């Protein structure tokens with residue numbers, strides 16, 4: 001049985017890491033894949049979400065890395081039970097660069113949520129640089145992707161975010177709109193896929209794109225520099241998002257020239 005480790009990572013707080021992590025865990029559990037949700041965040045947001053999860057819902061194994069019970073070693077607390085097929089890792093905010101190596105070690109996929117704001121865009125650019133240069137993640141291994149999170153279409157800041165994403169040379173796996181559906185699921189310990197399909201139909205298209213990328217195994221030689229459409233306002237399109245990634249604002253040229 002192949003175990004795939006999916007890491008949701010962005011040291012910038014409030015980027016939506018827990019929302020993506022919990023919804024992915026719920027998705028895989030409902031698909032019949034035994035899933036574990038590993039919570040590195042000191043706030044324990046994913047663990048709290050799991051505590052609200054109904055007993056009737058598909059089971060998800062929780063791993064609270066901050067748990068400190070007498071007589072238990074850290075390695076025992078963090079163990080992944082036999083039979084688990086998908087491990088979703090919710091990383092903390094404000095971690096140090098050297099911790100990137102620990103968080104991304106053995107990661108099959110790394111997802112970076114990015115909000116549509118100047119501060120978040122700049123933070124994401126630095127995170128990508130650290131992943132490539134410190135954690136030695138190669139963009140051509142197809143392990144790294146960006147998710148534009150909580151976006152509102154037809155706004156200036158949304159267009160700024162899309163311009164940022166157009167300059168990337170890693171995949172843009174999905175563009176998730178700003179919707180109350182995520183608040184409703186968080187309050188009940190559920191995932192988006194567990195709500196009535198009519199209520200979340202617009203959102204599920206983007207989640208399918210994300211899952212399709214997560215389950216893709218092949219490496220890539222390069223990503224075409226194509227214009228990214230506005231998938232938030234065009235939900236009827238089922239085509240996958242173009243692949244691309246960012247010229248860092250403080251560098252003289254593309255990051256790839258440094259690798």
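See the values below:
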| item | result |
| --- | --- |
| Matching residues, the stretch 136-168, being more than 15 Å from residue 121 (Cα to Cα), modelled with pLDDT under 90 and surrounded by 22 or more Cβ atoms within 10 Å (Cβ to Cβ) | 139 |
| First in the stretch 178-190 and touching a residue at least 60 places away in the same chain (Cβ under 8 Å) and on the phi > 0 side of the Ramachandran plot, second anywhere and in a helix (DSSP H, G or I) and surrounded by 15 or more Cβ atoms within 10 Å (Cβ to Cβ), Cβ under 7 Å, 6 or more apart | 189/49; 189/50 |
| Residues of the stretch 1-31 satisfying the condition of being closer than 15 Å to residue 191 by Cβ, touching a residue at least 24 places away in the same chain (Cβ under 8 Å) and in a loop (DSSP other than H, G, I, E, B) | 16 |
| Identity of the residue in the stretch 100-135, free of Cβ contacts under 8 Å to residues at least 60 places away in the same chain and in a loop (DSSP other than H, G, I, E, B), that ends up surrounded by the most Cβ atoms within 10 Å (Cβ to Cβ) | 116 |
| Condition check for residue 55: at pLDDT below 90, surrounded by fewer than 16 Cβ atoms within 10 Å (Cβ to Cβ) and either on the phi < 0 side of the Ramachandran plot or part of a loop (DSSP other than H, G, I, E, B) (or both) | no |
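The values are calculated or read from the model by the stated rules, or taken from the named source; none is laboratory data. Remember, it's a predicted structure, so these values are computed and weren't measured experimentally. Glycine gets a Cβ as well: all are built from the backbone with ideal geometry, and neighbour counts include every protein chain shown.
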